[in-house]
Amino acid sequence: MKIVFPELAKNSIVKEAVESFDDIEFFDAPDLETGVKMLKEGQADSIISGIDYSSRDVLLACKTHIPLKSAYFSSCFVGEKDGQSLIIADGGVNKNPTKEQLYTIVEDTARTCEEYLEETPRIAMLSYSTKGSGGKNPDLEKIYFVIDEIRKNHPDWQIDGEMQLDAAIVPRIGEKKVGNSPVAGHANVLITPDLNSGNILYKSMEHLGGWTMAGPILQGFSVPIADLSRGSSKEDIILTIKVIKKQLERTKK
C-alpha cells in the first residue's frame, strides 16, 4: 500500500503521524501537482494532502487529473471520541447542493460508512426543523426528495428526516421529537443541508467538543483521497490515514 504525501518532508506533524504505520509506504512529492500526477500514473494508491495547501488547491488538482466514479464529488469527515464514531457531510466541497448533488453526497457518505465503520448507515438529514416543525422551506423539499430516492434505491440503508441535531444523536430527544424511527437518536451519518452548516459543525466538534476529525475525505473520485484541514492535529492525521487505509483495503478485495 503506497500513499503519496506532498508535505511529508516539510511538515513535522505529518512526519510524526506516519510513524504510527509500519505497513504503509509513504513517500514525498515536491509539490501537490506532482503528487496528484504520481497518483494518476499509478505510482501511488492514494494521496493525502492539504495541511499546507488550501482545499481549493487540492480539489482543483484532483479534478484536473483524477477521474470521477460518481456523478459529483463531495467530502465527509469521520469523527471519533470516547469510542463513538460519526460521519458528517458535506463540510468541505458543495456550498449549496442541488437535490441531485445532495443525493450523491448521501449515497457516497453511506458507502464511506460501510467501508470504515462497517455498519449499516443510519442517516439523519439535518435541519433547523424536525418533521415539519419549522414550516415550509425549499431546502426541506430537497431533503424529502433525497429520503424518497435513497429508500427506493437502497432499502438496506436507514434514513430519516428532516431532523435537528439533538434529535439525531440523543436517544431521549429523538424518541420525543420523532417517535418510532430507526435513525433518530442513533444516527451514525449526519448530512448537513449546506457547506456553511457542515463546516461549522465539524470544526465545532473538533475544537469545542474535543473530537478527533479525519478529513476532509474526498468522495466520488476513482481512488481514495484525503484533503486535510490546515488545522489538523497529529491525531487527526492518524485517523485520516486509518480511513484511507480501510478504503484501500476494501477496494482491493
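The values are calculated or read from the model by the stated rules, or taken from the named source; none is laboratory data. Everything numeric in this text was worked out from a predicted model, so none of it was measured. Here the Cβ positions follow ideal geometry from the backbone for every residue, glycine too, while neighbour counts run over all protein chains shown.
Looking across the stretch 83-103, the residues that are out of contact with any Gly (no Cβ under 9 Å at 6 or more places or on another chain) and closer than 15 Å to GLY209 by Cα come down to GLY83, GLN84.
The residue that is farthest from GLU249 (Cα to Cα), among those in the stretch 15-49 that are charged (D, E, K, R) and assigned to a loop (DSSP other than H, G, I, E, B), is ASP31.
Taking GLU107 as the residue in question, decide whether it is modelled with pLDDT of 95 or more and of a type outside the set (Lys, Arg). Considered against the rule, which asks whether it is modelled with pLDDT of 95 or more and of a type outside the set (Lys, Arg), GLU107 comes out as yes. As a summary of the residue check, LYS95 satisfies the conditions (1) part of a helix (DSSP H, G or I); (2) surrounded by fewer than 22 Cβ atoms within 10 Å (Cβ to Cβ); (3) not assigned by TED's automatic domain parsing to the domain that holds LYS37 except for the one numbered (1).
Here is the figure for the stretch 67-90: residues that are in contact (Cβ under 8 Å) with a residue 60 or more places away in the chain, more than 18 Å from THR104 (Cα to Cα) and surrounded by fewer than 20 Cβ atoms within 10 Å (Cβ to Cβ) total 3.
The residues on offer are GLU115, GLU141, and the sole one that is surrounded by fewer than 20 Cβ atoms within 10 Å (Cβ to Cβ), within 26 Å of LEU239 (Cβ to Cβ) and at pLDDT below 95 is GLU115. Of the strands (runs of 3 or more DSSP E) entirely within the stretch 152-253, those holding at least 3 residues that are free of Cβ contacts under 8 Å to residues at least 60 places away in the same chain, surrounded by 21 or more Cβ atoms within 10 Å (Cβ to Cβ) and of a type outside the set (Lys, Arg) occupy 158-163.
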